[in-house]
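Visitor: This is the structure, below, for whatever I ask next.
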Amino acid sequence: MTHKIAVLPGDGIGPEIVEQAVRVLRALDQPFQIDEAKVGGAAFDAFEHPLPPATLALAKASSAVLFGAVGDWKYDSLPREFRPEQAILGLRREMGLFANFRPAILYPELANASSLKPEVVAGLDILILRELTGDIYFGKPRGVRTAEDGPFKGEREGYDTMRYAEPEVRRIAHLAFQAAMKRNKRLCSVDKANVLETSQFWRDIVIEVSQEYPDVALSHMYVDNAAMQLVRAPREFDVIVTGNLFGDILSDEASMLTGSIGMLPSASLNAAGQGLYEPSHGSAPDIAGKNIANPLATILSAAMLLRYSLDLSPLADRIEGAVRKVLADGLRTADIFEDGTTKVSTSEMGDAVLKALR
Ligand SMILES: NC(=O)C1=CN([C@@H]2O[C@H](COP(=O)(O)OP(=O)(O)OC[C@H]3O[C@@H](n4cnc5c(N)ncnc54)[C@H](O)[C@@H]3O)[C@@H](O)[C@H]2O)C=CC1
Ligand SMILES: CC(C)CC(=O)C(=O)O
Ligand SMILES: [Mg+2]
């Protein structure tokens, strides 16, 4: 069976890191049909839209999407609908990719690259499940208006809307409990229920859903405390489930526990099992075009693609094994480099993973 994979490299380091992941996929010698399309700023430059209809159609018609990253400071003054970030938000919304799995795993070889002491992070293996199509990122109304009341009445104000519908909370909660069942049966739901109505509602629904999973130990934590606990004692967590905004922030924080944001892959799934796979980081314009970005988060995202969307777990295992081997061999991109290891470029890291696959 031929699997259709849409490849959307995007902007900044996107093309450099996606190129390495595609080389790895091709080296598996499978009947993949790999089609590439422009997205983000690259698509805006070519077609005056960050998510052209042809790119969206290609993504929707594929079994899975491999995505790089979008965005660059040079587009920051465009009207919002034309900004590159609208491409990834649009793909998530249009494809219904509501469940974002971000596994933060510390490879033993990177214990010293983590910003925490090895004794605090050794053996770290947590899963952050971030709701991806709701919350303040998508809530309406939003905009800039003249304040009608309050101490700044008559002045301009910016506003957004945080909202979650009951089915949205229920479906992500079910996935979180199911993920916890396959792991260490501990689930921590992160919210801000002491302040926000949306969060109290989220918490109430999660508690209701928990009745169906009596074997999972459910806890709740306010997001400010969770941010602190992640650097105090990260191994206390097993699965974390949280909303879109809090999950965005906490997963970037968790990435540093693994040594670098260049190590954190992600899978964004919809109800039909279709998925978009991307590193958790952005387009890193500060290092783009220098062949120094870490491609491992993207290569590990390709492994998640094989496992979750194509049901090819043995091939995913092969890629993850190859990544472990290159790290054990002491190869490091600049972001995870330390004395006694060998600094390699983006493409050299790709070469090494390819070699280790065989
Ligand atoms: N899914 C997406 O496409 C995302 C896009 N963005 C966009 O990316 C652009 C840059 O945003 P930032 O806030 O700077 O976040 P960023 O994640 O792109 O970069 C943050 C820092 O991490 C470093 N970094 C990121 N990935 C790396 C890698 N693979 N190897 C080595 N170092 C790496 C960067 O050099 C930078 O110092 C913005 O336009 C933003 O909107 C941000 C996050 C996600
Ligand atoms: C455009 C942003 C919402 C992307 C981001 O920061 C993320 O998904 O982690
Ligand atoms: Mg983010």
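Visitor: Test each condition in (1) out of contact with any Leu (no Cβ under 6 Å at 6 or more places or on another chain); (2) at pLDDT 95 or above; (3) surrounded by 22 or more Cβ atoms within 10 Å (Cβ to Cβ) for P265 and report the one that comes out false.
Guide: (1)
Visitor: Determine whether A272 is buried (at least 20 other Cβ atoms within 10 Å of the Cβ) and under 20 Å from L66 (Cα atoms).
Guide: Against the criterion (buried (at least 20 other Cβ atoms within 10 Å of the Cβ) and under 20 Å from L66 (Cα atoms)), A272 does not qualify.
Visitor: Suppose the filter is more than 19 Å from N100 (Cα to Cα), more than 16 Å from ligand 3 (Cβ to nearest atom) and touching a residue at least 12 places away in the same chain (Cβ under 8 Å); does A233 pass it?
Guide: Yes, satisfied.
Visitor: Right, here's the next one. What are the pairs, 6+ residues apart or on separate chains, where a residue within segment 302-323 that is surrounded by fewer than 21 Cβ atoms within 10 Å (Cβ to Cβ) has its Cβ under 9 Å from a residue that is of a type in the set (F, W, Y) and in a helix (DSSP H, G or I)?
Guide: As it stands, the answer is A316/Y308, since those pairs meet every condition given.
Visitor: Hey, can you tell me all the residues within segment 19-48 that are touching a Pro at 6+ places or on another chain (Cβ under 7 Å), within 16 Å of ligand 2 (Cβ to nearest atom) and closer than 24 Å to S345 by Cβ?
Guide: Within segment 19-48, G40, G41 meet the criteria.
Visitor: If you take the residues in segment 241-266 that are more than 15 Å from ligand 3 (Cβ to nearest atom) and of a type in the set (A, V, I, L, M, F, W, C), which one is nearest to A173 (Cα to Cα)?
Guide: So the residue we want is V241.
Visitor: Return the total of residues in segment 223-279 being out of contact with any Asp or Glu (no Cβ under 6 Å at 6 or more places or on another chain), part of a helix (DSSP H, G or I) and within 15 Å of ligand 2 (Cβ to nearest atom).
Guide: 13
Visitor: Residue pairs, Cβ under 7 Å, 6 or more apart or interchain, first in segment 46-72 and of a type in the set (D, E), second buried (at least 24 other Cβ atoms within 10 Å of the Cβ). List them.
Guide: D72/D11; D72/G12; D72/G41; D72/P84; D72/S283
Visitor: Listed residues E168, E148; which is of a type in the set (D, E, K, R) and without any contact (Cβ under 8 Å) to a residue 12 or more places away in the chain?
Guide: E148
Visitor: Of the conditions (1) free of Cβ contacts under 8 Å to residues at least 60 places away in the same chain; (2) in contact with a Phe, Trp or Tyr (Cβ under 8 Å, 6 or more places away or on another chain); (3) closer than 22 Å to A267 by Cβ, K343 fails just one. Which one is it?
Guide: Unmet for K343, out of (1) free of Cβ contacts under 8 Å to residues at least 60 places away in the same chain; (2) in contact with a Phe, Trp or Tyr (Cβ under 8 Å, 6 or more places away or on another chain); (3) closer than 22 Å to A267 by Cβ: (3).
Visitor: Which is surrounded by fewer than 16 Cβ atoms within 10 Å (Cβ to Cβ) and either within 16 Å of G247 (Cβ to Cβ) or small (G, A, S) (or both), of S219, S199, S189? Spell out the reasoning first.
Guide: Values: S199 fails: surrounded by fewer than 16 Cβ atoms within 10 Å (Cβ to Cβ); S189 fails: surrounded by fewer than 16 Cβ atoms within 10 Å (Cβ to Cβ).
Residue meeting the stated conditions: S219.
Visitor: Sticking with this structure for a sec: Which is under 19 Å from the mean Cα position of the chain (by Cα) and either farther than 26 Å from L300 by Cα or in a helix (DSSP H, G or I) (or both), of E81, E94, E109?
Guide: Of E81, E94, E109, the one residue that is under 19 Å from the mean Cα position of the chain (by Cα) and either farther than 26 Å from L300 by Cα or in a helix (DSSP H, G or I) (or both) is E94.
Visitor: Turning to a different aspect of this structure: Residues in segment 79-91: is at least one within 13 Å of ligand 2 (Cβ to nearest atom) and surrounded by fewer than 17 Cβ atoms within 10 Å (Cβ to Cβ)? I'd like the intermediate steps shown before the answer.
Guide: Just the residues of segment 79-91 that are within 13 Å of ligand 2 (Cβ to nearest atom), to begin with: 80, 83-91.
Next, only the ones that are surrounded by fewer than 17 Cβ atoms within 10 Å (Cβ to Cβ) stay: 80.
Checking segment 79-91: at least one residue is within 13 Å of ligand 2 (Cβ to nearest atom) and surrounded by fewer than 17 Cβ atoms within 10 Å (Cβ to Cβ).
Visitor: Based on what the data block shows, is P295 within 13 Å of ligand 3 (Cβ to nearest atom), in contact (Cβ under 8 Å) with a residue 24 or more places away in the chain and of a type outside the set (D, E, K, R)?
Guide: Spelling it out, it is not the case that P295 is within 13 Å of ligand 3 (Cβ to nearest atom), in contact (Cβ under 8 Å) with a residue 24 or more places away in the chain and of a type outside the set (D, E, K, R).
Visitor: Could you list, ordered by first residue, the pairs with Cβ atoms under 8 Å in which the first is in segment 16-35 and farther than 16 Å from M304 by Cα and not assigned by TED's automatic domain parsing to the domain that holds A293 and the second is surrounded by fewer than 24 Cβ atoms within 10 Å (Cβ to Cβ) and at pLDDT 95 or above, at least 6 apart or interchain?
Guide: Correct list of pairs: empty, since none qualify.
Visitor: Moving on. Looking only at segment 273-289, which residues are without any contact (Cβ under 8 Å) to a residue 60 or more places away in the chain and either more than 16 Å from ligand 3 (Cβ to nearest atom) or aliphatic (A, V, I, L, M) (or both)?
Guide: Across segment 273-289, the qualifying residue is only G273.
The values are calculated or read from the model by the stated rules, or taken from the named source; none is laboratory data. All values reported here derive from a predicted model rather than from experimental measurement. All Cβ positions, glycine included, derive from the backbone under ideal geometry; neighbour counts span all protein chains shown.
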